[in-house]
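The values are calculated or read from the model by the stated rules, or taken from the named source; none is laboratory data. Computed from a prediction, not measured in an experiment: that's the story for all the values here. Cβ: placed from backbone, ideal geometry, glycine included. Neighbour counts: every protein chain shown. Remember, those area values only see protein heavy atoms, side chains included, never the ligands or the DNA or RNA. Shrake-Rupley method; radii C 1.70, N 1.55, O 1.52, S 1.80 Å.
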Amino acid sequence: MRIGVLALQGDFAEHQILLRRVGAETSQVRLPAELDGLDGLVIPGGESTTIGKLAVTFGLIEPLRRFAASHPVWGTCAGAIFLSKDSQRDQPLLGVMDITITRNAFGRQVDSFEADLLVPVLTDPERPFHAVFIRAPLIASAGKGVEVISKLSDGHAGQIVAARQGNMLATAFHPELTNDDRFHRYFLSLVKA
Amino acid sequence: MEKEVGTFALKKGLAQMFKGGVIMDVVTSEHARIAEQAGAVAVMALERVPADIRVAGGVARMSDPALILEIMDTVTIPVMAKCRIGHFVEAQVLEALGVDYIDESEVLTPADEAHHIDKHLFKVPFVCGCRNLGEALRRIGEGAAMMRTKGEAGTGDVVEAVRHARSVLGDIRRLQTMAQEELMAFAKEIGAPYELVCETRELGRLPVVNFAAGGIATPADAALMMQLGVDGVFVGSGIFKSGDPARRAKAIVEATTHYKEPKIIAEVSRGLGEAMVGIGVTQLAEGERLAVRGW
């Protein structure tokens, strides 16, 4: 199984480490031809404006949309923004997931935080997933075909931080910055399905 | 839900989001907009780019908070700002303003000739400059969550950036060939905390993200630093002291992403107009060198 990681900018190497640990082969994608032969794709954290602009310049927008129509794709933070149909800003997006994003929803870097989440779809669902939110977005609203996978609890009650639509997965936080590989295993289970 | 803020993982994590990207010096909100449009991952808000700090002489200090706030209001990407080495009150002020990263920078006039800021005390993360592995690990020991090799700011001459990157990365390679019992003597020799020497050896890289800075002026300069093994680049005077800042900024971003593709670097380097004029580092008097500041 070969999982590509969009490597235009961001923490793609961190994703590759966890993907290899859970048994996938990985490769970096910077140009459209590098999507050939992949079974799935991860769009990493980074700056969503930077990733979007580079994707436009190097002709990746349409190839990525076609890829997402037939393969599992997972976006973390900036990657989730890039997958969304609306970020409430003027920036290039793939628009393949029926979610609306609020960028920097919690404020600036001094407001970044770590918190435990309950994510029932993961293995060992009783064990909280320790999530890292860095200048993080929120999923402000999700369309009918979107399954909410995790929400924040008190203080931000009900706010969506992870969602799935068919073979597409979006997380507002960074599983790749932790040692907990359950989200990467969950993504691989979508690829295998 | 228990929320933890200001942890080292969060500080270091934001720098991980910058990887493979370009951080640009900007002195106005208009510059900041151009940088964001070009694809910068963050901007460094300051009153004068290093080349102009050299010309102006005198004491270089933290920028006017009004300018920093205006730039923070203009762009959605993270905003960094510089404080003087050891000037922890300038750092407190920058934290109070809500900047996303503080650069404790040798480009400004040092406020303390022996001590750097105790960066562990802050919620906001810090980036610091280094010329070699010992200096990098001392700064990380003090709490820096990101490093940048110093180069020689405001010159447009990449030679010092190369020297410092080669020194840091070469020492890490050397470290990996050492026997365990040699590490304490090596830590002593380079003046670095022993635990961080051990950690660096185990990781085969610095424990935090490491960008290159100081003298990068062209797309090829940026790709050179990336091929040498840094995680991304800072471009200071190189963009807004050039003939066509918007095009050059975009080209440097593209060359940083495609640093292993000479054909793409060639393509993006076409017709960029005048690069910054620059000063050869060998023409600088010892007292004009900024990189030697830092202890």
Shape call for chain B, from the Cα gyration tensor axes a ≥ b ≥ c (a/c under 1.5 means rounded, otherwise prolate when a/b beats b/c, else oblate), comes out rounded
Between the stretch A:1-80 and the stretch B:226-273, how many Å separate their Cα centres? 22 Å
Could you pull out the pairs from A:53/B:19; B:150/B:250; A:151/B:12; A:151/B:3; A:85/B:12; A:85/A:151 whose alpha carbons sit more than 18 Å apart here? B:150/B:250; A:151/B:12; A:85/B:12; A:85/A:151
Run the quick spin-label model on residue A:121 and residue B:189: label points 7 Å from Cα toward the beta carbon, then report their separation in nm to one decimal. 5.2 nm
Rounded to the nearest 500, the 222 nm mean residue ellipticity computed for the protein assembly as shown from DSSP H runs (n ≥ 4, each -39500 (n - 2.57)) alone is -10500 deg cm²/dmol
I want the local charge near residue A:3. Using Cβ-Cβ distances under 9 Å, sum +1 for each Lys or Arg and -1 for each Asp or Glu among the other residues. -1
Using a Förster distance of 41 Å, how high is the FRET efficiency between residue B:261 and residue A:86, based on the Cβ-Cβ distance and rounded to 0.05? 0.80
Between the stretch A:119-142 and the stretch B:104-131, the alpha-carbon center distance in angstrom: 35 Å
Sorting B:240, B:63, B:79 by the position of each Cα along the dipole of the protein assembly as shown (Lys, Arg +1; Asp, Glu -1; all at Cβ), the one nearest the positive end of that ordering is B:240
Could you work out the pair-distance distribution P(r) of the stretch B:75-201 from its alpha-carbon pairs, with 5 angstrom bin width and percents rounded to whole numbers? 2, 11, 19, 20, 18, 15, 10, 4, 1, 0, 0
Keeping all protein chains in the complex and leaving out DNA, RNA and ligands, what accessible area do you get for residue A:171 with a 1.4 Å probe, in Å² to the nearest 10? 0 Å²
With each label point set 7 Å from Cα along the Cα-Cβ vector, what nm distance links residue A:193 and residue B:96? 5.2 nm
Could you work out how much longer the chain between residue B:288 and residue B:177 gets when fully extended? Use 0.36 nm per residue separation minus the Cα distance between them, nm to one decimal. 36.3 nm
Just to verify a number: FRET efficiency for residue B:202 and residue A:34, C-beta to C-beta distance, R0 = 22 Å, to 0.05? 0.10
Which of rounded, prolate or oblate describes the stretch B:214-275 when judged by the alpha-carbon gyration tensor and an a/c cut-off of 1.5? oblate
Rank B:289, B:247 by accessible area, highest first, at a 1.4 Å probe radius? B:247, B:289
Under 17 Å from a point 7 Å along the Cα-to-Cβ line of residue B:166: which residues of the stretch B:216-237 have their amide N that close? B:216, B:221-230
Amide H of residue A:28: which non-local residues (sequence gap of 5 or more, or other chain) have their own amide H closer than 5 Å, using H built in the peptide plane? A:5
Would you work out if the stretch A:8-117 is rounded, prolate or oblate? Take a ≥ b ≥ c from the square roots of the eigenvalues of the alpha-carbon gyration tensor; rounded if a/c is under 1.5, else prolate when a/b is larger than b/c, oblate otherwise. oblate
List the extent of the Cα atoms of the stretch A:2-192 along each of their three principal axes, largest first, rounded to whole Å. 45, 38, 33
In terms of the charge dipole of the stretch A:116-193, which places +1 on Lys and Arg and -1 on Asp and Glu at the beta carbon, the residue among A:184, A:140, A:117 farthest towards the positive end is A:140
Rounded to the nearest 10 Å², what accessible area does residue B:64 show when all protein chains are kept and the probe is 1.4 Å? 70 Å²
Under DSSP H, which helices of chain B have Cα atoms covering 15 Å or more of the helix axis and a Kyte-Doolittle average no less than 0.5? B:8-18
Taking every pair of alpha-carbon atoms in the protein assembly as shown, what share in percent sits in each 20 Å bin, from 0 to the bin with the longest distance? 25, 58, 17, 0
Residue separation between residue B:66 and residue B:277 times 0.36 nm, minus their alpha-carbon distance, gives in nm 72.9 nm
Accessible surface of residue B:196 in the full protein assembly, 1.4 angstrom probe, to the nearest 10 Å²? 30 Å²
With charges set only on the Cβ (+1 for Lys and Arg, -1 for Asp and Glu), what does the dipole of chain B come to about its Cα centre, in debye to the nearest 20? 600 debye
